[in-house]
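Derivation of every value follows stated rules applied to the coordinates shown; laboratory data play no part. Here the structure is a predicted model, which means the values were calculated and not measured. As a convention, Cβ positions derive from the backbone with ideal geometry for all residues, glycine included, and neighbour counts pool all protein chains shown.
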Amino acid sequence: MQDWDGIVAREGPSVWRIAYRLLGNRADADECFQETFLAALRLAGREPLRDARAILNRLAVARAMDRLRRRYRQRGREMTTEWESHPAGGVSPSQCAEAAELSERLRNALAELPAKQAEAFCLFNLEGYSYQQIGVQLNCSIDNVGVLLHRARARLRQLLSQVGAE
Amino acid sequence: MRPENSESENRFDRGDLLNRAAEALRDLPTPNGPSRELIARTQAALRRAQTKIPAGRLMFLRPTLFRVAAMVAVVCGSTLGYWTAARWNRPRRQSDLVRVDVAPDRSKPDAVPDARPRQNPLVPSLPPSHSSTTGPALEKDPAPPPPAAPILADGILTGRIVFDGAVSPPRPMMGVNMTPECIREHGGAIYDESMVVGANGTLANVVVSVSDGLSGWLREEYPPPPPAVLDQKGCVFVPHVVPVMVGQQLLIRNSDPFLHNVRVMAVNNPPANLGQPSTSESQTAPFESPEVFRVKCDVHPWMQAWVRVVDNPFFAVTGRDGLFTIRGLPPGTYTLKAWHEQLGVKEQQIVIVPGEGADANFTFHAGPR
């Protein structure tokens, strides 16, 4: 039996950070946080959790991407970033606005990627996972991870340049 | 001094936008982490969910067991199906064709004693070491003598195929008018060849072959004949029906000055899809199993021919006069099979007596096969 209270207390901040970073607002991050742990519990019912942190992070990315896609389809909340997330000291307002704009563009672009490509990109570029770790999490070979990342980057560049050209 | 907003726009265009966007998202500071209330709420939800886990596990086990059972059923079913299909569709094996210790059929007075059945009369006599009467001598010599010209035995089987029924006039094929090059090459309209009936009801394009009674005959003693030729001339396959032997090849030729695409629709033999530019030739792989299949052209949909693969060299196809001749049959009792693409199959028992020929006439009737 897993000590879920301890796991939530220990891994909660990491999971919440991932969800917040990808979703950009607290309400969505909170819901994604709960969904992630419930998904992990269901997963633990089927197979033992060998590396709880890695699995939780991956589940958090997957759940956050699901929400991002739903949001992208609804197109109702284009700008959901909260200003409290932006640093106040040492950064000019223009830099702050630029970072917010870039982040939001990248979120929208990620929502258009296939799920596996988006997860591989987030785990590699945002969470700093290695190819091998991503391969274990996504259940694919290292070569396949490379292909996923390459395709994800190519598509994201295309999407970002389209947005920039509009 | 440049205004800040224009500087910001320029920075968007510099460098790799993707890397900068990824950096911006990665470095986005998170406010305070999850609230204590959220953590407590999640822990409570997990505890509630954990109490339901045993039931959930059972629920999960059910589809697992179902999946395993379904997989086992599929594997067993496919294995059984494959085994059954292999038994029913298998080509005649060499062991089926070799008869070493078969007693003559005494129940039939007309049956000829097994005088020479083990030697194919179409090939010259072989030294004793090659004779099939000695079982182990079937092993091949390091340097077997090349096959000589066939020696025709007395067993000449002739016959005539007639059709009993009303004959409708030949039907012009549809779609030919859209291809003037075909009309030009053919020299006029192209007619359906599925029922070619000559004077007095003689039936063409019937393949007559020996289907049973050749248990003493050795296929190894008769090399496959040279490839049979199927020509495409004037947007028609010539001949319309081609009988070939197992081991023989089919040389498909395009004599027209334009493209044909030949599709060999075999099932028990290797199929083929051959694009044939003007005046070219292609050769199929040797046929492996007895079968009847169509050959058609994808470019000209009315073009089709039939290939009948027979597992012995004793076959013939009728012309417009309905006549056929099969030479070299050893004395014995055989089952003769006549096949027509529209009228189906008819069988007949024949007896070849040494020194004499035999006649076999078939009559096909109109109606379902």
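The B:Q342 and B:A69 beta-carbon pair, evaluated with R₀ = 51 Å, returns a calculated FRET efficiency of approximately 0.60. Give me the net charge for the shell around B:D212: Cβ to Cβ below 9 angstrom, other residues only, Lys and Arg +1, Asp and Glu -1. Overall, the nearby charge balance is 0. By how many degrees, between 0 and 90 and to the nearest 10, does the Cα long axis of helix A:4-23 differ from the longest principal axis of chain A? On a 0 to 90 degree scale, this one is about 20.
Would you mind checking the tilt of helix A:26-46 against the longest principal axis of the Cα atoms of chain A, expressed as 0 to 90 degrees and rounded to 10? Tilt relative to chain A: about 30 degrees.
Pairs of Cα atoms in the stretch B:244-344 fall into 5 Å distance bins, from 0 up to the last occupied one, in shares of 2, 11, 19, 20, 18, 15, 8, 3, 2, 1 percent. The stretch between B:N19 and B:A285, if pulled fully straight at 0.36 nm per residue, gains 90.1 nm over its current Cα-Cα span.
To the nearest 10 degrees, how steep is helix A:142-165 against the longest Cα principal axis of chain A, on a 0 to 90 scale? Result, in degrees: 30.
Approximating the spin labels as points 7 Å out from Cα along Cα→Cβ, the A:R69-to-A:N139 distance works out to 1.6 nm.
Over the stretch B:220-369, what is the relative contact order in percent, taking alpha-carbon pairs closer than 8 angstrom and at least six residues apart?
The normalised contact order for the stretch B:220-369 reaches 18 percent.
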